[in-house]
Each structure stands twice: as C-alpha cells, then as structure tokens.
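Below: the structure, in structure tokens.
What follows is calculated from the coordinates using simple rules that are stated; it is not laboratory data. From a predicted model like this one, the values you see are computed outputs, not experimental measurements. All Cβ positions, even for glycine, are placed from backbone atoms using ideal geometry, and neighbour counts span all protein chains on display.
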C-alpha cells in the first residue's frame, strides 16, 4: 500500500511541477485529467530488484512437476538408468535406443503439470509403441524418485530443496496413478471448505 501512496505522491508532485512551468495561455488542468494521470501511473508496475510480491510457498511449488519431469528424462537417458532399463526393455520387448530417443523428444516439452501428466497417461489414440514407452517411463520415474531423487535435490540446481523433498512421495503416487495427477498442492479454497465441514 505504501508503494501505491508513494506513486500517487510522485504523480501529484510531477503534475504540480509541470503546472508551475506552464505558460499562462494554457487552460488549467481539470480534475478528470488528474485522475487519468493517477490511473496511468498506477498501471505501470516497476519491479524492485531482489523483491518478489509472490508468496514464498507459491514460488517454492510452482515448478515442481516440471523439475521432476525433466529430471526423470535426464536420468532415463543417462548411464545410471541403464542397469534398470535393460530388464524393463526386455520385458516390453523394446529397444533401449528407441526409448532414449523417445525420452529425448519429450524432455523439452515438459513445461508444467498438465504436460507431464499427459506424458504419463496412456490415451486412447496412443499407438501401442507409445503406450509401452509411457509404461517404461513410469517405471523409470518410480526408480528415480525412490533411489536418486534425494541426491538430485541436494546436489543439483533446485532452488527450493525443502519443497521438492516434501513433495517427493506425492510425485511418486502421481506417477503410479497419473489419472489423479491434477494438482500438486491443495488450494486454500479446498482447505477452507474442508475445515468448514469439520
């Protein structure tokens, strides 16, 4: 609120300065133009370096699905996944090279929760090959979250380590049942409705 008051005060000071400089021939400024000046100055939002207006709990969970999805893709194409991929690919009778090519193709497409969910869920129009790749991806995702995710969280570039660690098992449950993968964190509205029913 104080930023808003400061902007209004700056706009009024600027207006008074320009009125003092104005020649006597120009008509006096009306109240409506003063209001429009205040509104135009309010529309411009100037970002203050190092200050964020988004709450920390929102920022910490914003990219969790994207980060986990891309980390699973990176793991699936690395040499660490090879011992796990061999038996899975033999079970589904697919080539490891083809699966790695599929994962490389989808990695940069994961930009949020819904895209990650669509990569995990088998759709009716998916071919049998894509369905098998999705099942393999789910199994590799489970292995990554169980055995490698803690190391990735603490040694990687993840900023909100505590939030990623906290949501690790929720991500595991969502990978196992992607049809339920509609949100990461319950909204305040849902929390309030639950507390009102109790």
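Determine, from the Cβ-Cβ distance of residue 101 and residue 161 and an R0 of 25 Å, the FRET efficiency 1/(1 + (r/R0)^6), rounded to the nearest 0.05. Using R0 = 25 Å, I get an efficiency of 0.20. Model label points for residue 93 and residue 151, set 7 angstrom from Cα along the Cα-to-Cβ axis, are 3.4 nm apart.
In this simple spin-label approximation, residue 180 and residue 131 carry label points 7 Å from Cα along the Cα→Cβ vector, and these lie 2.3 nm apart.
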